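The values are calculated or read from the model by the stated rules, or taken from the named source; none is laboratory data. Worth saying up front: this structure is predicted, and the values here are computed from it rather than measured. Please note: Cβ atoms are built from the backbone with ideal geometry, for glycine as well, and neighbour counts cover all protein chains shown.
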């Protein structure tokens, strides 16, 4: 049976590369051809000052992987993913096999959210999203195997907010980070964490490469589901570089799971200007051998 043609593959990858990444580094490589599509880590795009161990690279690639699956699903193709398939090639993050399948309503909604999603670090409206929205978003993310909790604990939230403020100041003052930001065309900013924003933490049972990749997939569910519900959002990873913050979140909030990323949610201000789309690299820079895929 014939697989997806080149146009279908191109469309899915174009949606995948809209995934957010630290300093817009876009640290992914795609290979097509044969009977599968492969995702590889773009180690040349890793930002060592901000992400010395590559955790954020794996997180971003996990978001892109989930975006890709949604991009294929909305076009009538189911995906079967083999994560970290080759122990001898650690940069090979996933192999994606394809088969025919009709998209569900949820997948159509998530696909429509991909081009509209923006990382909104501005101040949000002083009203909390309804619990029905938050429950739906958390349930979608937890279906990937992650643990998702709102940071409302009287000890955990103040520590997290303080860490966010410290990390923002470091970004503004650290010269090495400023160079990375300039290279990614992403000027530093201080996120304004008003009291009505919701901080969701994604945790995983393990803290290895696979867990970080899966955490990215859960983050994608949150970001796209939130966008579909009309909420503003942005992913926050800097404060989890502070060991005390990770320990508090793990112990007080996540029942021992490892905190991987925090997602900030809320309503965009009514008078806020629309945010422009972030520039993406041309496909010929991130795709090797863009062709149809056999099944």
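Overview of values
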quantity	calculated
Only one of 57, 84, 37 that is touching a residue at least 24 places away in the same chain (Cβ under 8 Å), on the phi > 0 side of the Ramachandran plot and in contact with a strand residue (DSSP E or B) (Cβ under 7 Å, 6 or more places away or on another chain)	84
Qualifying residue in the range 275-284 (condition: over 25 Å from residue 38 (Cβ atoms) and either surrounded by 14 or more Cβ atoms within 10 Å (Cβ to Cβ) or under 14 Å from the mean Cα position of the chain (by Cα) (or both))	yes
All positions within the range 285-295 that are in contact with a strand residue (DSSP E or B) (Cβ under 7 Å, 6 or more places away or on another chain) and either surrounded by 15 or more Cβ atoms within 10 Å (Cβ to Cβ) or at negative phi (or both)	286, 287, 288, 293, 295
Residues of the range 276-295 that turn out to be under 24 Å from residue 3 (Cα atoms) and in contact (Cβ under 8 Å) with a residue 40 or more places away in the chain, as a count	11
Test set (1) over 17 Å from the mean Cα position of the chain (by Cα); (2) within 19 Å of residue 18 (Cβ to Cβ); (3) touching a residue at least 24 places away in the same chain (Cβ under 8 Å) - residue 267 fails condition number	(2)
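Residue by residue, here is whether (1) loosely packed, with under 13 Cβ neighbours inside 10 Å; (2) in contact with a strand residue (DSSP E or B) (Cβ under 8 Å, 6 or more places away or on another chain); (3) not assigned by TED's automatic domain parsing to the domain that holds residue 62; (4) not in a loop (DSSP other than H, G, I, E, B) holds:
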{"position": "98", "(1), (2), (3), (4)": "no, yes, no, yes"}
{"position": "106", "(1), (2), (3), (4)": "no, no, no, yes"}
{"position": "109", "(1), (2), (3), (4)": "no, no, no, yes"}
{"position": "159", "(1), (2), (3), (4)": "no, no, yes, yes"}
